[in-house]
Amino acid sequence: MKSTHSMTWWDRFRDHDITYSFCHSPVTMLAAIVTLLMVLAAFGAPLLTSYTPFEPGSLSLMDAFLPPAWEPEGVSQHLLGTDGQGRDILAAIMYGTQVSLTVGMLSVLLSVAIGIPLGIIAGYFGGWVDTAIMRFADIQLTIPPILIALMIDGITRTSLSSEVHEVIAIPVLIVSIGLASWPQYARITRSGAMVERRKDYIAAAKLIQTPTALVLLRHIFPNVVGPTLIVATIGVAVAIIIEATLSFLGVGVPPTTPSLGTLIRIGNNFLFSGEWWITFFPALTLVVLVLSVNLIGDWLRDTFNPKLR
Amino acid sequence: MINFISKRLIQSLIVMLVVALISFFLFNFVGDPVSNMVGQETTIKDMNALRERLGLNDPFLVQFGRFLGDALHGDFGISYRLQRPVEELIAERMPATLELVFVSAVFAVVLGISGGLFTGLKRNHWFSKFILTSSLVGVSLPTFIIGILLIYIFAVKLNWLPSFGRGDVVKLAGGWSTGLLTLSGWKAIILPAITLALYQMTLILRIIRSEMLEVMRTDFIKFARARGLKSRDINYGHALKNTLIPVITVTGLQVGSLIAFSIITETVFQWPGMGSLFIQAVQFADVPVMSAYLVLVAFFFVLINLIVDLLYFVVDPRLRAEIKG
Amino acid sequence: MAILEISNLCIEFPTRRGVLSAVEHLSLSIEAGEILGIVGESGAGKSLTGNAIVGLLEPPGHVTGGVILLNGQDITHLSDAEMRKVRGAQIGVIFQDPLTSLDPLYTIGQQLVQTIQTHMDLSRADAKRRAIDLLVEVGIPAPERRFDAYPHEFSGGMRQRVVIALALCCDPCLIIADEPTTALDVSVQAQIIALLKRLAREKGVATMLVTHDMGVIAEAADRVAVIYSGRLAEIGEVRSVIDTPKHPYTKGLMDSIPQIGQNLELLPNIPGAMPRLDSRPDGCAFNPRCEKAKAVCREKMSGLFTAGEKKQMAACWVYAGGDEYA
């Protein structure tokens, strides 16, 4: 066996348990490729398609309700067909995925940004600080995020005029989902911080009078952030589902910048009259996207932290 | 024991009070209820009259006191949109939601626990792998897509089951209308109940599985094996019983979530329950309905948490000792 | 006839980097009433040996060679169902941590009665009577009252007594005690050791005492087997192994134990560390750390040679002149 010293970083990378596990999990590899392609297609949409489905002037009602290209009446310009207003479904999906991914990732970023600091503070200091933060988190955790997001959305909808609401709908959505899901990150981070704070290196850091803020940032944070980020991967999938659900219920993003959920809601009206493709392809995209992210998250969790399983 | 229960009850009461306060703020300070209710052509005079009638001109404390008193009597005001007392609307729709939630809960708990046990105990069995893979697909399918799919297959294509509504309902004493006594009612509840249950079932299944795997690694299971106990005794007597605490927690939470998730299912299946009432309230900024729904859902959550706490008490001797001592 | 006789036991773990052989050609035996100490560093394979005897190796680990005889009966490859009847009935097992060895949700009485009734055809009342006798036997005061107590109501030492009572439920002829005192306070340790010794003397139980603590071995064992990197390094009577260790590893081990009244600047230690199972050197596994290593030590594994009196034997080429064992 080669000793570790004579190996290049590439050898080490290939030899690493994680790489090994990844290369021996075809499902995970496939999920990673699919996710990557979807992200590229979503954010590269302006380059990849010439259609601009959500600029009102660019649509032609002549092209409305075209089925996918392989159906008898389909045309090759619209691979996945068009909707009731002549929008190209494929282009709509690409832009819709962009909205879904943006909302999903930014809202998780917000939950993590709230959850990790609160979790570290609760776990490190303990006592009444801990009790206060975690009791609040526990209460919030019993209420499903989707209900909280609905409430926040409902409140902003009530207090703002509909024009203003339309403009800030997406930020509001991100904040609602983000505020609704922080407790789980706080919980994981807290349990990590509680373990770390008892370790000798923290005692050593305190002994040389490292400022508390620095102890938290330099020592506790790097050691507790891992499991949180793994859960955050699955959190992205959950956030995308919440966003899609809210949009499906008609309280999420407005139809002018539709997400996948909005597209499914619009298409759902045509499902029973035979135009199945309007709702089918966005729904399929949503499911494949969420499934891929979930598969990656599941694999990460199993590989890095067998105990979380 | 009595000490423990009363402590829990006080905690629950505090939670309810906080929710009531939030709900009151929502009711009172969010938007202008009057302008939300009336058409464009209403005069200012009419609007003021309406304001007076709804009690929106009284001082803050008077309003909160009245709100609390009214809420205790089950009075949540008048719906802006439907111009009817909120408690009437909710009473009409509560049976539909609770029956849907009950049927789904039974479905989710029974299948979730048995599936979780199977996959936890026979982790390398092909059927376990099948269940696990499909459970991952299960958590990746948003509820509304499952609903649409089921409608498309069983209502549109096969025409076996209705795609919306509750079927025929029977009025019971106390104004409760049930769909569980008619054939069409049962037919109507199947699809929405499955839709609602699937996600929660998957979560229950996964948590039981992972708890079983965790417990199977503990020293006392190893020691039980080393004493030559029968696997049946080890699996169900020792392992399962030790997973009960987290399982009760999660199951309780999930049953609570069913009430909230019924919003989606009710929308997809046009189920005449509280969820669809609520979603319309959000869309039309019908604040009294929103706040009443919030209080009611919080009440159910608190109730479920209380039951969960009592179950802990039954299961875990350490907890019993802590409370005694 | 020995109660337990192991010969040439091999345990392997297949991994993706190749097969790890965790225990190699281990042979030892225990007589009735005898306590055999098995000592070695963590990872040396001592606990694995204990688990292999009762058929509780964690997969993918498995026995790949050798024979385990219990009262002359081959139990090496019994089926799960047959092995289950041996465990608890003929072999009692005691684990390291009494705090986690008992199911927290059942009273100790329930756990005792369940174990007794699994292996013996006794009525509930008889099983309960037997359970209380066992509690008396292991020295638990007021056993009738403690019968209905939960594990969390006992102290660590008392719990370990309960664990021992559970291991004794059906009068086993062999007890495998895996680090039975490691998690306990020193004073409690002494009590548990005394209890194990009494059981061996009075009931003629053969005991395999697995530990990394030479002090416990010196106190409790009749004979001791020293294991290094999955192989038997030295075996013999406790006093002779402690007083006149023969294998260079055992010598190093004994030198590194501080003596009372001895004033040392530095405690001697053995340079280096036990090799990982996947990078064991050719020949004797100890050769990179051994001052006396010769060419042959780097090429060929040594057999067990008689070294010293009273059947003391060491797996070291230094003693190649003596009689080679098996």
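A compact table of results
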| quantity | calculated |
| --- | --- |
| Positions within the stretch A:251-281 being assigned to a helix (DSSP H, G or I) and at the interface with chain B (Cβ under 10 Å from one of its Cβ atoms), in sequence order | A:LEU260, A:GLY261, A:ILE264, A:ARG265, A:GLY267, A:ASN268, A:LEU271, A:THR279, A:PHE280 |
| Single condition A:GLN85 does not satisfy, out of (1) in a helix (DSSP H, G or I); (2) of a type outside the set (Gly, Ala, Ser); (3) without any contact (Cβ under 8 Å) to a residue 40 or more places away in the chain | (1) |
| Failed item in (1) within 14 Å of chain B (Cβ to nearest Cβ); (2) in contact with an Asp or Glu (Cβ under 8 Å, 6 or more places away or on another chain), with A:ILE220 passing the rest | (1) |
| Any hit, the stretch C:146-157, residues being of a type outside the set (Phe, Trp, Tyr), surrounded by 22 or more Cβ atoms within 10 Å (Cβ to Cβ) and either on the phi > 0 side of the Ramachandran plot or within 14 Å of another protein chain (Cβ to nearest Cβ) (or both) | yes |
| B:SER210 vs. criteria more than 14 Å from every other protein chain (Cβ to nearest Cβ) and touching a Lys or Arg at 6+ places or on another chain (Cβ under 6 Å) | no |
| C:GLN160, sole failed condition from (1) touching a strand residue (DSSP E or B) at 6+ places or on another chain (Cβ under 8 Å); (2) within 14 Å of chain B (Cβ to nearest Cβ); (3) modelled with pLDDT of 90 or more | (3) |
| Of all residues in the stretch B:240-254 being more than 11 Å from every other protein chain (Cβ to nearest Cβ) and under 13 Å from the mean Cα position of the chain (by Cα), the one that is surrounded by the fewest Cβ atoms within 10 Å (Cβ to Cβ) | B:VAL250 |
| Flag for A:ILE278 being modelled with pLDDT of 85 or more, on the phi < 0 side of the Ramachandran plot and either crowded, with 18+ Cβ neighbours inside 10 Å or of a type in the set (Lys, Arg) (or both) | no |
| Only listed residue being without any contact (Cβ under 8 Å) to a residue 12 or more places away in the chain, away from chain A (no Cβ under 14 Å), more than 19 Å from the chain's Cα centre (by Cα) and on the phi < 0 side of the Ramachandran plot, chosen from B:LEU161, B:LEU172 | B:LEU172 |
| Verdict on A:PRO255 being out of contact with any Asp or Glu (no Cβ under 9 Å at 6 or more places or on another chain), under 26 Å from A:ILE114 (Cβ atoms) and surrounded by fewer than 24 Cβ atoms within 10 Å (Cβ to Cβ) | no |
| Neighbours by Cβ (under 7 Å, 6+ apart or cross-chain): first from the stretch B:113-125, free of Cβ contacts under 8 Å to residues at least 40 places away in the same chain and more than 13 Å from B:TYR236 (Cβ to Cβ); second part of a helix (DSSP H, G or I) and of a type outside the set (Val, Ile, Thr) | B:LYS122/B:SER128 |
| Within the stretch C:100-145, tally of residues that are over 24 Å from the mean Cα position of the chain (by Cα), within 13 Å of chain B (Cβ to nearest Cβ) and either over 20 Å from C:LYS85 (Cα atoms) or free of Cβ contacts under 8 Å to residues at least 12 places away in the same chain (or both) | 9 |
| Residue, modelled with the lowest pLDDT, within the stretch A:33-52, restricted to residues that are out of contact with any helix residue (DSSP H, G or I) (no Cβ under 6 Å at 6 or more places or on another chain) and either small (Gly, Ala, Ser) or closer than 30 Å to C:ASP278 by Cβ (or both) | A:SER50 |
| Number of the exception - C:GLY43 against (1) within 27 Å of C:CYS170 (Cβ to Cβ); (2) in contact (Cβ under 8 Å) with a residue 12 or more places away in the chain | (1) |
| Any hit, the stretch C:54-61, residues being more than 21 Å from C:ILE175 (Cα to Cα) and free of Cβ contacts under 8 Å to residues at least 40 places away in the same chain | yes |
| Pairs where the first residue, in the stretch B:74-89, is more than 13 Å from B:ALA281 (Cα to Cα) and the second is among the aromatic types (Phe, Trp, Tyr) and part of a loop (DSSP other than H, G, I, E, B), C-beta under 8 Å, 6+ apart | B:PRO85/B:PHE76; B:GLU87/B:PHE76 |
| So A:ILE240, is it in a helix (DSSP H, G or I), surrounded by 24 or more Cβ atoms within 10 Å (Cβ to Cβ) and within 11 Å of chain B (Cβ to nearest Cβ) | yes |
| Which numbered condition B:GLY115 fails, given (1) out of contact with any helix residue (DSSP H, G or I) (no Cβ under 8 Å at 6 or more places or on another chain); (2) more than 30 Å from B:VAL287 (Cβ to Cβ) | (1) |
| Test: A:ILE230 is aliphatic (A, V, I, L, M), part of a helix (DSSP H, G or I) and within 14 Å of another protein chain (Cβ to nearest Cβ) | no |
| Any hit, the stretch A:189-196, residues being away from every other protein chain (no Cβ under 14 Å), of a type in the set (Lys, Arg) and within 30 Å of B:ILE304 (Cβ to Cβ) | yes |
| Checklist (1) without any contact (Cβ under 8 Å) to a residue 60 or more places away in the chain; (2) within 14 Å of chain B (Cβ to nearest Cβ) applied to C:GLN90, failing item | (1) |
| Filter pass, C:PRO59 being out of contact with any helix residue (DSSP H, G or I) (no Cβ under 9 Å at 6 or more places or on another chain) and in a loop (DSSP other than H, G, I, E, B) | yes |
| Elements of type helices (runs of 4 or more DSSP H) in the stretch B:43-140, at least 3 residues being loosely packed, with under 13 Cβ neighbours inside 10 Å | B:44-54, B:60-72, B:126-140 |
| Flag if B:SER276 is among the small types (Gly, Ala, Ser), closer than 30 Å to A:LEU160 by Cα and away from chain C (no Cβ under 14 Å) | yes |
| Count of residues meeting criterion [touching a Gly at 6+ places or on another chain (Cβ under 7 Å) and outside any strand (DSSP E or B)] in the stretch C:222-237 | 1 |
| Elements of type helices (runs of 4 or more DSSP H) in the stretch B:236-325, at least 2 residues being in contact with a Gly (Cβ under 9 Å, 6 or more places away or on another chain) | B:241-268, B:274-283, B:287-315 |
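The values are calculated or read from the model by the stated rules, or taken from the named source; none is laboratory data. As the structure is a computational prediction, the values presented were derived from the model and not from experiment. No Cβ is skipped: glycine too gets one built from the backbone with ideal geometry, and neighbour counts run over all protein chains shown.
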